[in-house]
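Structure record follows, encoded as structure tokens.
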Amino acid sequence: MLTEKSALVTGSTSGIGLGIARALARSGANVMLNGFGDPVAIETLRHELAAEKGVKVFYHGADVSRPAAVAALVAAAEAAFGAVDILVNNAGIQHVAPVDSFPEERWTAIQDVVLNSAFHGIKAALPGMKRRNWGRIVNLVSVHGLVASSFKSAYVAAKHGQIGLTKTVALEVAETGITCNAICPGYVRTPLVEGQIDSQAQMHKLPRERVVREVMLAAQPTRRFIEVEEVAALAVFLCGESARSITGAAIPIDGGWSAR
Ligand code: NAD
């Protein structure tokens, strides 16, 4: 249980981040939500999560591509809860294009949201964790932090960078009660991915089941999507006491993708 711990999860209004925020709240942690979305839906979500275990749940709409906004987000969570014990760097975006025609603005945006925001979040949250001699940093990376795929240069570069950052931070704080790890999922069934099934099915003129198996999950040996709850359970485990000796690790949860 994570009672009396407080967590900040970036990009937690949707998909994996939301799943992790929900699982942390169910484990008894207070949660600061972050991300974009409809204000009414976010407010409903905030109440729903708070009702899980009577934990405190707040929301801050920082755009994590901006360093000052990340610092303000960490400061707001510390002010709301008195601490950020758990930092989950999850916000992410994607753009797919050949490297020689990759839009420069998209390259920069992906580095800012995926890699630079993790650095700024860790820099801001670490002093408090050091003072309390306890902390958990979980970077939501990807199998693309370990292996590449064509047309995803910015994403693959940023995700590989996140793993380098994870290892360095883990070494720097190894003698404290703080750990820093990377979770590396393959294809996870999020609302975003669900939406892609229909468009890919249309594009390839294949039924949904075939496009999932033969196109989308061609690189994922299990040929099934990973569920958000599986990734969230791994994140919660990494935040617990049993995982105190796991640090600097890049843990695949990828249906065997990176085993090839
Ligand atoms: P998603 O699009 O469902 O959620 C992304 C979240 O990030 C949203 O809450 C969005 O509002 C937020 N966000 C985006 N830009 C932001 C910004 N500038 N500031 C603040 N918040 C911002 O995506 P997801 O599939 O849940 O992905 C979450 C993380 O997991 C990402 O880092 C992604 O790279 C990684 N990942 C996803 C998959 C997958 O198959 N879905 C696989 C491996 C890794």
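Results for (1) in contact with a helix residue (DSSP H, G or I) (Cβ under 7 Å, 6 or more places away or on another chain); (2) under 21 Å from residue 159 (Cβ atoms); (3) β-branched (Val, Ile, Thr); (4) in contact (Cβ under 8 Å) with a residue 24 or more places away in the chain, shown as yes or no for each residue.
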| site | (1), (2), (3), (4) |
| --- | --- |
| 204 | yes, no, no, no |
| 216 | yes, yes, no, yes |
| 238 | no, yes, no, yes |
| 246 | yes, yes, yes, yes |
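Residues that are more than 9 Å from the ligand (Cβ to nearest atom) and open to solvent by 20 Å² or more (accessible area, probe 1.4 Å) were ranked within the range 1-22; the one that is nearest to residue 77 (Cα to Cα) is 5. In the range 213-229, the residue that is farthest from the chain's Cα centre (by Cα) out of those that are within 25 Å of residue 23 (Cβ to Cβ) and β-branched (Val, Ile, Thr) is 222.
For the range 96-114, the criterion of a residue being among the aliphatic types (A, V, I, L, M) and part of a loop (DSSP other than H, G, I, E, B) is satisfied by at least one position. Restricting attention to the range 87-116, the residues that are touching a helix residue (DSSP H, G or I) at 6+ places or on another chain (Cβ under 7 Å) and more than 16 Å from the ligand (Cβ to nearest atom) add up to 2.
How many residues are among the hydroxyl-bearing types (Ser, Thr, Tyr), assigned to a helix (DSSP H, G or I), within 16 Å of the ligand (Cβ to nearest atom) and touching a strand residue (DSSP E or B) at 6+ places or on another chain (Cβ under 9 Å) if we restrict to the range 117-174? Let's see the steps before the verdict.
Here is the first cut: in the range 117-174, the residues among the hydroxyl-bearing types (Ser, Thr, Tyr) are 117, 142, 149-150, 153, 155, 166, 168.
Checking the rest, the ones that are also assigned to a helix (DSSP H, G or I) come to 117, 153, 155, 166, 168.
Going one step further and asking which of them are within 16 Å of the ligand (Cβ to nearest atom), we end up with 117, 153, 155, 166.
The next check asks that each one be touching a strand residue (DSSP E or B) at 6+ places or on another chain (Cβ under 9 Å); those that pass are 117, 166.
Final tally of qualifying residues: 2.
The values are calculated or read from the model by the stated rules, or taken from the named source; none is laboratory data. From a predicted model like this one, the values you see are computed outputs, not experimental measurements. Note: ideal-geometry Cβ built from the backbone for every residue, glycine included; neighbour counts use all protein chains shown. These accessible areas exclude ligands, DNA and RNA; they are computed on the full protein's heavy atoms, side chains included. Shrake-Rupley method; radii C 1.70, N 1.55, O 1.52, S 1.80 Å.
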